[in-house]
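Undergrad: Next up is a structure, given as C-alpha cells.
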Amino acid sequence: EEKAWRTSVVFTDEWFGTSSPGNDLNIATMLTGPWANTPVMTLTDYDDDSTSHVSNSYGYLRAPWNINPSPYVTRYHKLCGVAPEDTYIDTDDTIKDLTDYKWPSCASHWELTFDSDYDTWYDWVWKSSYAPHGPVHAWIGGVGGDSCDETGEDAHYNKLIGLVDSHHVTLLKMNLFGYLKNMWRMELVETPHFCSLDAVDECTFKCNKNATRDNMTFLSMIKSSLSMWTFDTDDMTDAEIMKIADVSLCNAKFWPGDHLEAASPVEASFWPIHPTLDRLLQYKALVQPFTSHSWADLDDSEEYCSSTDSSDCYGHHPYDLTFWKTTISDDSGSFTSSYRTNEEVRVSLNPIGGDYSMPYIYDNFDWDHCANSDHSFKVVG
C-alpha cells in the first residue's frame, strides 16, 4: 500500500510530474509535467513595497528557517535520504511509534469520522492536523540539502559513528524538519537575514548556545528532543549531547522541500490534500455530527496551538481573521468576498441546518476505494 504511491499515475507527466536533481544548484526540482520548473516567488515580485511579506534568506517566499537557495519548487520524497515508505514497511515498530509519517489510509480517515474520540470539534481539528493528512507533506516534500546529500565515507552523519547508532541516526533524519522549525521558533537557531546565490556555502544556521527560552537552555532543549526520540541522554555527557547538536543542526546544512513547510501551497500537489479534509469534515457533519463545536478543550486547558509558551496562537482562535478573503453567499443569495473569522468560515462550511454558503459543493461523498476494506464509509444522499 505505502509503496504504491511511487508507481502510481500521480507522479507522472500526466499529473504532478517527476522530480530529480537537475538545476544549477543540484537540488531536486520538478523536471516534467505541467508544473515542471515551477518558480518560487520572491519579494521583488511584489509591487506593493510591503515590508510585511515573509521570506527566507534568499528573498524567496519560503519559511525563514528554510535556507533552500533554489528558485524552483523543490521536492525530495525522502527525509535526508530516508525513504518513509521503506521505514514503515521494513523496520521495527519503535520508529513507527515515534513519528507521524504513516501514509493516510481508509482506516485513518474512517477513525477521524466515526471514532468517538473525535466527536468534538476541538479533538477533530487537533487530530486532522497530523496523521490523516500531515504525512503527505512529508513524503512529497521531504528534506534535503548539502548535509543530506553527502554519501560514502565522507557522509555528514558519519561524524556520529561511535556515539549514535544507525537506528537513532534514522530518527534524527526523520525529525529534522520539526527539529529545525521548533528551534528557530524558540530563537535558539537563527538563519541569516540575507544570503547571496553567489555565496550559498556561507548561508548556514547559527545556534544560540547561550540563550534561554521559556526557561529552557539550548542544551536542555536538545536533550529534551533527543530523549523524545529515545536517545539515552542520561548516559551522555553534555559535550556528547552538544556534539550531536553540532552535527545534526549547528554545523549542518539542510532544508525542507516546499511541500513540507509554511509556503507549501506553491507546490501543485498540495492542493488536493486540504480539500480532501474539507470534504471529510462535511461528510462527518452529515453522518456523525460533533457533540461540541467549542474551540476550547472541554477540560478548560484552552490550548489553541502547540506553541502556547512562545506565542499567543494568533490565527487559531475562532475570532481571528483568515489571511485570505473568503467568498460566501449572503441572505439574498449574492456572493461577496471579504475577510472572515475562522468561526464564520466554519459555519459557512456546515452542510446541515441551512448554513452552507460556500460557492461550491462536492458531487458525492463516496470512498469507493475503501469499500472492500474493513473501513467502508456509509452512503449519504
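Undergrad: Which residue, of Y304, Y283, is open to solvent by 30 Å² or more (accessible area, probe 1.4 Å) and farther than 21 Å from S224 by Cα? Let's see the steps before the verdict.
TA: Values: Y283 fails: open to solvent by 30 Å² or more (accessible area, probe 1.4 Å).
Selected residue: Y304, the only one of Y304, Y283 that is open to solvent by 30 Å² or more (accessible area, probe 1.4 Å) and farther than 21 Å from S224 by Cα.
Undergrad: OK, next. So V247 fits all but one of (1) part of a loop (DSSP other than H, G, I, E, B); (2) under 23 Å from V143 (Cβ atoms); what number is the exception?
TA: Unmet for V247, out of (1) part of a loop (DSSP other than H, G, I, E, B); (2) under 23 Å from V143 (Cβ atoms): (1).
Undergrad: To continue, here is another question. Filter the range 320-358 down to residues that are at pLDDT below 90 and within 28 Å of the chain's Cα centre (by Cα) and give me whichever is surrounded by the most Cβ atoms within 10 Å (Cβ to Cβ).
TA: The qualifying residue surrounded by the most Cβ atoms within 10 Å (Cβ to Cβ) is W324.
Undergrad: Scanning the range 97-112 for residues that are modelled with pLDDT of 75 or more and touching a Ser or Thr at 6+ places or on another chain (Cβ under 7 Å), which turns out farthest from P132 (Cα to Cα)?
TA: Checking each candidate, the answer is C106.
Undergrad: For the range 82-96, name all the residues that are modelled with pLDDT of 70 or more and crowded, with 19+ Cβ neighbours inside 10 Å. So that I can check it myself, show each step before the final result.
TA: Our first condition is that a residue be modelled with pLDDT of 70 or more; within the range 82-96, this holds for 82-84.
Passing the criteria: V82, P84.
Undergrad: Test each condition in (1) under 21 Å from S70 (Cα atoms); (2) touching a Cys at 6+ places or on another chain (Cβ under 8 Å); (3) without any contact (Cβ under 8 Å) to a residue 60 or more places away in the chain for F218 and report the one that comes out false.
TA: Failing condition for F218: (1).
Undergrad: Check off (1) part of a loop (DSSP other than H, G, I, E, B); (2) among the polar types (S, T, N, Q); (3) under 19 Å from V125 (Cα atoms) for T322 and give me the number that stays unchecked.
TA: Failed condition: (1).
Undergrad: When you go through (1) part of a helix (DSSP H, G or I); (2) open to solvent by 20 Å² or more (accessible area, probe 1.4 Å) one by one for T230, which number turns out not to apply?
TA: Here T230 meets the rest and fails (1).
Undergrad: May I ask you to say which residue of V143, V164 is in contact with a strand residue (DSSP E or B) (Cβ under 8 Å, 6 or more places away or on another chain), among the β-branched types (V, I, T) and surrounded by 16 or more Cβ atoms within 10 Å (Cβ to Cβ)?
TA: Details: V164 fails: in contact with a strand residue (DSSP E or B) (Cβ under 8 Å, 6 or more places away or on another chain).
Only one candidate passes the filter, namely V143.
Undergrad: Filter the range 207-227 down to the residues that are surrounded by fewer than 21 Cβ atoms within 10 Å (Cβ to Cβ), basic (K, R) and not in a loop (DSSP other than H, G, I, E, B) and list them by number.
TA: The one that is surrounded by fewer than 21 Cβ atoms within 10 Å (Cβ to Cβ), basic (K, R) and not in a loop (DSSP other than H, G, I, E, B): R213.
Undergrad: Return the pairs, sorted by first residue and then second, in which the second residue is acidic (D, E), the first residue lies in the range 253-268 and is over 21 Å from P34 (Cβ atoms), the beta carbons are less than 6 Å apart, and the residues are 6+ apart or on different chains.
TA: Sorted first by the residue in the range 253-268, then by its partner, the pairs are K253/D146.
Undergrad: Working carefully through the options S357, S338, S307, S332, find the one that is over 25 Å from H109 (Cβ atoms), of a type in the set (S, T, N, Q), touching a Lys or Arg at 6+ places or on another chain (Cβ under 8 Å) and in a loop (DSSP other than H, G, I, E, B). Explain how you work it out, then say what you get.
TA: Working: S357 fails: touching a Lys or Arg at 6+ places or on another chain (Cβ under 8 Å); S338 fails: in a loop (DSSP other than H, G, I, E, B); S332 fails: touching a Lys or Arg at 6+ places or on another chain (Cβ under 8 Å).
On inspection, the qualifying residue turns out to be S307.
Undergrad: What are the residue pairs meeting all of these: first residue in the range 108-137, first residue touching a residue at least 12 places away in the same chain (Cβ under 8 Å) and within 23 Å of A262 (Cα to Cα), second residue buried (at least 16 other Cβ atoms within 10 Å of the Cβ) and among the β-branched types (V, I, T), Cβ atoms under 8 Å, and 6 or more apart or on different chains?
TA: Close Cβ pairs (under 8 Å, with a partner that is buried (at least 16 other Cβ atoms within 10 Å of the Cβ) and among the β-branched types (V, I, T)) amount to H133/I273; V136/I273; H137/I273.
Undergrad: Something else about it: Quick one: N158 ticks every box in (1) closer than 15 Å to C80 by Cβ; (2) in a helix (DSSP H, G or I); (3) touching a residue at least 12 places away in the same chain (Cβ under 8 Å) except a single one, so which number is it?
TA: (3)
Undergrad: Still on this structure, I have one more. With the condition kept exactly as written, say whether any residue in the range 304-319 is touching a helix residue (DSSP H, G or I) at 6+ places or on another chain (Cβ under 8 Å) and modelled with pLDDT of 95 or more.
TA: No, that holds for no residue.
Undergrad: Now for a different question. Return the residue satisfying two criteria in turn: it lies in the range 279-303 and is assigned to a loop (DSSP other than H, G, I, E, B) and of a type in the set (A, V, I, L, M), and of such residues it is modelled with the lowest pLDDT.
TA: In the first step, residues of the range 279-303 are kept if they are assigned to a loop (DSSP other than H, G, I, E, B); the result is 288-291, 293-303.
Okay, now just the ones that are also of a type in the set (A, V, I, L, M), so 296, 298.
On the way: A296: 76, L298: 54.
Among those residues, the one meeting the criterion is L298.
Undergrad: Here is a follow-up. Let me spell it out: the conditions are (1) open to solvent by less than 20 Å² (accessible area, probe 1.4 Å); (2) within 15 Å of K253 (Cα to Cα); (3) not in a loop (DSSP other than H, G, I, E, B), and L171 meets all of them except one. Which number is the exception?
TA: (2)
Undergrad: Based on what the data block shows, is Y179 under 23 Å from the mean Cα position of the chain (by Cα), closer than 19 Å to E240 by Cα, open to solvent by less than 40 Å² (accessible area, probe 1.4 Å) and aromatic (F, W, Y)?
TA: On the way: under 23 Å from the mean Cα position of the chain (by Cα): yes; closer than 19 Å to E240 by Cα: yes; open to solvent by less than 40 Å² (accessible area, probe 1.4 Å): yes; aromatic (F, W, Y): yes.
Judged against the criteria, Y179 is a match.
The values are calculated or read from the model by the stated rules, or taken from the named source; none is laboratory data. Remember, it's a predicted structure, so these values are computed and weren't measured experimentally. Backbone-built Cβ (ideal geometry, glycine too); neighbour counts: all protein chains shown. Ligands, DNA and RNA are stripped out before the accessible areas are found, and what is left, the full protein with its side chains, is counted by its heavy atoms. Shrake-Rupley method; radii C 1.70, N 1.55, O 1.52, S 1.80 Å.
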